[in-house]
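> So that we are looking at the same thing, I have put the structure below in structure tokens.
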Amino acid sequence: MPPDYFAHETAVIDAPCRIGAGTKIWHFSHVMRDSVLGERCNLGQNVVVSPGCTIGNGVKIQNNVSVYTGVTIEDDVFCGPSMVFTNVINPRAFIERKHEYRPTLVRRGASIGANATIVCGVTLGEYCFVGAGAVVTRDVPPYALITGNPARQRGWVCTCGVRLSLPVAADDGAQAECTACGHRFVRRGAGLSRQD
């Protein structure tokens, strides 16, 4: 039986791994052993998925991204071109620290802009938006918009990615409605919660 996913002839796929139906793996990409890729994913040119990584359904990983061991990506995440994940906080070429990998979790629907760096050990909340070139060193709340080096929160975004008119420091219970799609949100704890 032919696979129900597409892999370009230059792609390398190590066994064993699991790749979902409708996934596309493009030029010079490498999916390493014990990795799981969901359905309908798109891995651009020169993408590396290291051993043991889990990638959800509908994930788009643009060119030149390496998903290192310890990274988990949930459904519908966007990883922009040349963004960077790490998995060791204090790497040295002459000291092996594989036992010190810090897990990184990218929650459903998050977007990571081109050339952003995600320092290991953080969680990116649901539908957050990491701006291009940002350096993320701590957890990101759900629906937060963050930019800069080090990354700081600049606002909030809707599920559709449009910026919401809600101050970063809005009180618990404050509400906002997206001007583009009409989704409604309420401030809960560190992040937002969608109300519809």
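> If you average over every viewing direction, what projected area does the convex hull of the Cα atoms of the chain give, in nm²?
Details: hull surface 48.2 nm².
The orientation-averaged projected area of the Cα hull of the chain comes to 12.1 nm².
> Calculate one ³J(HN,Hα) per residue across segment 118-134 by plugging θ = phi - 60° into the Karplus curve 6.51 cos²θ - 1.76 cosθ + 1.60, and present them in order as whole Hz with x for glycine and proline.
Values, residue by residue: 10, 6, 4, x, 10, 10, 9, x, 3, 6, 5, 10, 9, x, 4, x, 5 Hz.
> What does the charge add up to near residue 4, with Lys and Arg as +1, Asp and Glu as -1, over the other residues with Cβ less than 14 Å from its Cβ? Numbers along the way, then the final one.
Working: positive: 18, 24, 40; negative: 39.
Summing Lys and Arg as +1 and Asp and Glu as -1 gives +2.
> Okay, next question. Tell me, what is the percent relative contact order of the chain, built from C-alpha pairs under 8 Å that lie six or more residues apart?
On the way: 599 pairs, mean separation 19.2, N = 196.
Relative CO of the chain lands at 10 percent.
> How much net charge surrounds residue 15 when only other residues with a Cβ under 13 Å from its Cβ are counted (Lys, Arg +1; Asp, Glu -1)?
Details: positive: 18, 33; negative: 14, 34.
After counting each charged neighbour, the total is 0.
Bear in mind that the values in this text are calculations on the coordinates, not laboratory data. Everything quoted here is computed from the prediction, not taken from an experiment. Cβ: placed from backbone, ideal geometry, glycine included. Neighbour counts: every protein chain shown.
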